[in-house]
C-alpha cells in the first residue's frame, strides 16, 4: 500500500491541535510551550516507526496524551509524559535526555512507565510481574504513572484488532488481571468499564457480540420503560424546586457476562440491567440533605427494598465514591436501581482521583481518600521482597472493592476488605498491636484472632507482650498490609535467632581453635548447603545443624578443612526446574499422531475440539491444554506468558470427548425420558452418567456425554432447549464430581 506522507503529516497536525483543544488545565504560554516541545521530541524520535496497523507511531502517544487530558482531566506534566512515554523504551532517547530537556519529575514518571529490559531467568521470575512491580513501586511517589499507564493501556485496547490472536489474548488477560482493578480502585468507573468490555471482546468475541445484540434489540423497550418510570419522579422534583438531571445507565457488557457466568442468571432475568441516576445541582453544604429529599420523593411513589439501601454519602467508599443507592419496585413488577448524587459526586464517580483538583477544599476530598488507600498499600510497595509474583498477588489484595466498616472500642471508624479477620483489624490499628494479638472481643464477645469480622462490628484487640508473630498467621489474614507486616516481623525474629546461632558458632570456633574468618564460615555454608550465612546461623540456633557432632572437621593454622560430601543437584528447598519445554513459537497440534510434544487436557475447563485453546507448560505435569475462556486463563497469561504456547485441534481426528451439561426446568411427567431420547436416540450421543432431582416442581439435572467437537455439542444443546419444560441447558466448566 502506497503511503501519502503529505496527508499523514496533515493528520498528525490535526491530531496535535485536537489534543491542545482538550488541554483545559494547560492555559499559560509556558505550559503550551512544554507540550509543544514534548510533541516535537516524540515526533522526531518516533519518525521512522509504525504501528501494527501501518499508521505512524506518533498517533499512539498523541492519543494517550488526549485520554490523559480529556478523560482523566490531567495537567501539563502528565500530558508531556504521555507524549514521551515510549521514547526511552523504543528510541535513542535516554532518561538523562528527558531530565535535561524537561526535568526530574518527568524523568521519574517516564522511568516508571518504561518496561524493564534485559534477559530474565524464566525459571525464577516473570517479566510481566517485574514490570507490574516496577510500575507500582512509583505509585507512592506519583500516582500519575498509573494514570498515564491506564491511558496507554486503554488506547492499546481500543486498537487491538491489528495484533495477532496470541497477543490479543495476552494483553486482554493482563488488562483484566491488573489494569481494570486498578482503574476501579482509583475511582475511574468509565475507564474500568471500557477496559473490561474490550477485554471480553477479544477473549470471548461470540459472547460479547451476543450480549451486544441483545442490548440493542431491547433498547427501545428499556427507553419506554425508563420514560414511564421517571415521569412521576420528575413531577415531584419539579414541584420541590430541585435542579436535577435524570440519566439511565445500562449495565456494562462485561458485568452482564460476569453475572451470566458467575451466578448462572440468563440475560432475560437480570433485573439490574440498567439503573436510573438522578444528579442534583446543589452546593456542597446542602447536597447531603438534598439527596435524602430526593430519596424521600422516589420512595413516596415506589416501594423500596429495605435490604438494598446503600448510603455512601455518610460513609463514602475508599475510592472517594459518594451516592445514595436504593432498589425500588416498579408498577410492572420489575426491580429498578435508583442512584442519587450531586454534580460534584457525579464528577468524582466518573473521573475518580483525576477530578480531585476541582474539589481540594472538601473535608474528605478524593485526594485524601486516595492518600488513605496509599498509606495502606505503602508497606507492600516499600517492602516488595524478592518474589515479584508474590508481590503482585499481595498488591491485588489491596484492590478488592468490597469493603466493610467496623469500629474501635472508642468509636473510630475503620474500613477493611470484606472477609477480613480480627488479626487484620489488629494490624490495621498498629503493627505492634497486631504482633502481640492473642484474640479479640467482637461486640463484647470473646473470639479467636481468625474470626471473620462484619460491617458494624465493634472490635477490641487483646494483646500479650509474650506473643510473637507465627508463620501460620499468614493463612489467617487477607489484607496485603497485614501479610507484609507479619513477613517483616518473621524476618526480624529470624534475624534475632540467627544472632544467637552466630554467637554459638563463634564459641565453637574458639573451642576448636579456628579463626573467625569469612573463608571459614563460607566453608561451612557450602558444606551444610545453607546458601547464606544468616541461614547457617539460624539452623545452628534451631539445632538443625549440630556442630559438635562433626568430628571430621580439621583445623590447620586457624583454617577449617572439611571432607566434602557429594553435592546434591537440588535440595528440598530448591525450586523445581523444567528440564525441557517447547521452544518459543512452537505449537501443539491436538490429535496429531506425529505430535512429539506430550500434553494433557486440563480438567479445570475440559476443552473439546472447536474450543479455542492454548498450551501451558506446567512445572511438573508437562503441557496442559486450556480453553482461552478457562477461569484460570487470565492469571496464566498475565503472570506466565513465557510458558504459554500455541495449540490447535487436528480437525481430521474424530475422537470423542467428555462434556458435562446441567439442566433446569419445570418438572413434568416424562420430561426425563424426552431428554434421554434426544441425547441417545435422536442425536445418537453416548452418555457416561446422568442424574436428576425435582424439588417443589422444579427439576435440575446433570449429564456427562461424549461429543466430537463444539458444533456437535451446540446442536445437542439446541435440541435439548427445544424440549417443553426445559428452561436452561449449560455446559459445565469444571471437572465433574
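Nothing in this text is a laboratory measurement; each read-out follows from the coordinates by a stated rule. All values derive from a computational prediction rather than experimental measurement. Cβ coordinates were reconstructed from backbone atoms using ideal geometry, including for glycine residues, and neighbour counts include every protein chain displayed.
Indicate the gyration tensor shape class of region 5-201 (rounded, prolate or oblate), computed on the Cα atoms with a ≥ b ≥ c the square roots of the eigenvalues: a/c under 1.5 is rounded; otherwise a/b larger than b/c is prolate and the rest oblate.
Since a/c stays below 1.5, the shape of region 5-201 is classed as rounded.
Taking the Cβ-Cβ separation of residue 335 and residue 433 as r and a Förster radius of 51 Å, what is the calculated FRET efficiency to the nearest 0.05?
The pair residue 335/residue 433 has a calculated efficiency of 0.75.
Can you compute the FRET efficiency between residue 303 and residue 692 using 1/(1 + (r/R0)^6), with r the Cβ-Cβ distance and R0 = 30 Å? Round to the nearest 0.05.
0.20
Full extension from residue 24 to residue 272: what is 0.36 nm times the residue separation minus their Cα-Cα distance, to one decimal in nm?
85.7 nm
Once you have the Cα-Cα distance between residue 598 and residue 450, take 0.36 nm times their residue separation minus that, and quote the gain in nm to one decimal.
Contour length minus the Cα-Cα distance gives 48.9 nm.
Quick check on packing: order 227-240, 517-530 by the mean number of other C-beta atoms within 10 Å, highest mean leading.
By packing density, highest mean first, the sequence is 517-530, 227-240.
With each label point set 7 Å from Cα along the Cα-Cβ vector, what nm distance links residue 664 and residue 463?
The modelled label-to-label distance comes out at 5.0 nm.
For residue 443 and residue 224, compute 0.36 nm times the residue count separating them, minus their Cα-Cα distance, and round to one decimal in nm.
73.9 nm
What distance in nm separates the two pseudo spin-label positions at residue 13 and residue 559, each 7 Å out from Cα along the beta-carbon direction?
Those two pseudo-labels are separated by 7.8 nm.
Need one number: convex hull volume per residue for region 488-561, Cα atoms only, in Å³.
80
So how far apart, in nm, are the two label points at residue 544 and residue 162 if each is 7 Å from Cα heading toward Cβ?
Reported label-point gap for residue 544 and residue 162 is 5.5 nm.
Residues of region 259-301 with amide nitrogen under 12 Å from the 7 Å Cα-to-Cβ point of residue 311?
Only 289, 292 fall inside the zone, counting backbone N under 12 Å.
Between residue 190 and residue 296, what is the FRET efficiency for a Förster distance of 25 Å, r being their Cβ-Cβ separation, to the nearest 0.05?
According to the calculation, E is roughly 0.25.
What order do you get for 477-488, 322-333 when each peptide is scored by the mean count of other beta carbon atoms within 10 Å, highest first?
Taking the mean over residues of other Cβ atoms within 10 Å, the ranking is 477-488, 322-333.
For region 587-649, compute Rh as the Kirkwood radius over C-alpha pairs and then the Stokes-Einstein diffusion coefficient at 10 °C and 1.306 mPa s; write the answer in µm²/s, rounded to an integer.
Estimated via Stokes-Einstein, D reaches 137 µm²/s.
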